[in-house]
1. Does region 81-98 contain at least one residue that is more than 12 Å from the chain's Cα centre (by Cα), at pLDDT below 95 and under 19 Å from residue 169 (Cβ atoms)?
2. Do we find a residue being under 20 Å from the mean Cα position of the chain (by Cα), of a type in the set (Ser, Thr, Tyr) and open to solvent by 40 Å² or more (accessible area, probe 1.4 Å) anywhere in region 48-60?
3. Need pairs with beta-carbon distance below 8 Å; first residue closer than 19 Å to residue 136 by Cβ and within region 71-83, second crowded, with 17+ Cβ neighbours inside 10 Å and among the basic types (Lys, Arg); sequence gap 6+ or separate chains.
4. Applying the selection to region 134-163, what residues are open to solvent by less than 80 Å² (accessible area, probe 1.4 Å) and assigned to a helix (DSSP H, G or I)?
5. If you take the residues of region 115-133 that are assigned to a strand (DSSP E or B) and over 19 Å from the mean Cα position of the chain (by Cα), which of them is modelled with the lowest pLDDT?
6. Just the residues that are open to solvent by 20 Å² or more (accessible area, probe 1.4 Å) and under 14 Å from residue 161 (Cβ atoms), please, taken from region 72-94.
7. Residue by residue through region 115-133, note down the ones that are without any contact (Cβ under 8 Å) to a residue 12 or more places away in the chain and surrounded by fewer than 13 Cβ atoms within 10 Å (Cβ to Cβ).
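The values are calculated or read from the model by the stated rules, or taken from the named source; none is laboratory data. What you see is a predicted model, and the numbers here were worked out from it, not measured in a lab. Positions of Cβ are backbone-derived with ideal geometry, glycine not excepted, and every protein chain shown enters the neighbour counts. For accessibility, only protein heavy atoms count, side chains too; no ligands or nucleic acids. Shrake-Rupley method; radii C 1.70, N 1.55, O 1.52, S 1.80 Å.
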Amino acid sequence: MTSSKSIPLITFFILSVFILTPCSLLPRIKNTVSLAEDRPGPEIYDFTVSNSRDRLLAYFSLKNGCPPYVQIALESGVIVRYIYEVELQAPRFLLKKRLSRVSISRTLSYDNLKGEYRVSFGPDSPRVVSVRTLEEAKSLAFEINDVSVISLSELPKGKTYIMRVRAKTEKAVSSLPFRGLLDLFSSWGYRTKWYEIRFNY
């Protein structure tokens, strides 16, 4: 049977567990938050709308598009495809009518034997560019220019329109000798939110 003298000791022990233990974890929580802030997620930036003589064009870039886990997969032989979706909408009362949807891709791979990165452009202009550094490869894969969205003849003048874009990644078909390596990266990938520009034409 517990004596009355031991009750204060038990109470002190219980309070120590519930009060002191969280305090000892605060530095770890702070470090985790700091680490997350140092590694911002992928996002679209420098998004602009322009036009040629007869087409409406989109320009944009992907920022932080190759986080560490994607780079590890890439250099392990996984082929990474970046897909950019561009939509043009006409706002209506309570609704938005989609006028055009364009999808383009950049496929990024790494050749361990040659020590070079390859960027494939597509789907409309299938060509491959080889570069020596990841920074050069990211510039080719993440800076998107002159995306033809719609013919200007299809846009009534004096109206308001919404252009929006987002990016996502996926694993492309790979020739890795060990099928299990792909399974290590089966859960990664990301999709950015939609980024919008409202403009008058």
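1. no
2. Yes, region 48-60 contains a residue that is under 20 Å from the mean Cα position of the chain (by Cα), of a type in the set (Ser, Thr, Tyr) and open to solvent by 40 Å² or more (accessible area, probe 1.4 Å).
3. Sorted first by the residue in region 71-83, then by its partner, the pairs are 81/106; 82/106.
4. So the first thing to find is which residues in region 134-163 are open to solvent by less than 80 Å² (accessible area, probe 1.4 Å), and the list is 134, 137-142, 144, 147-152, 155-156, 158, 160-163.
Across region 134-163, the qualifying residues are 134, 137, 138, 139, 140, 141, 142, 152.
5. Result: 127.
6. 91, 92
7. Residues satisfying the conditions are 125, 126, 127, 128.
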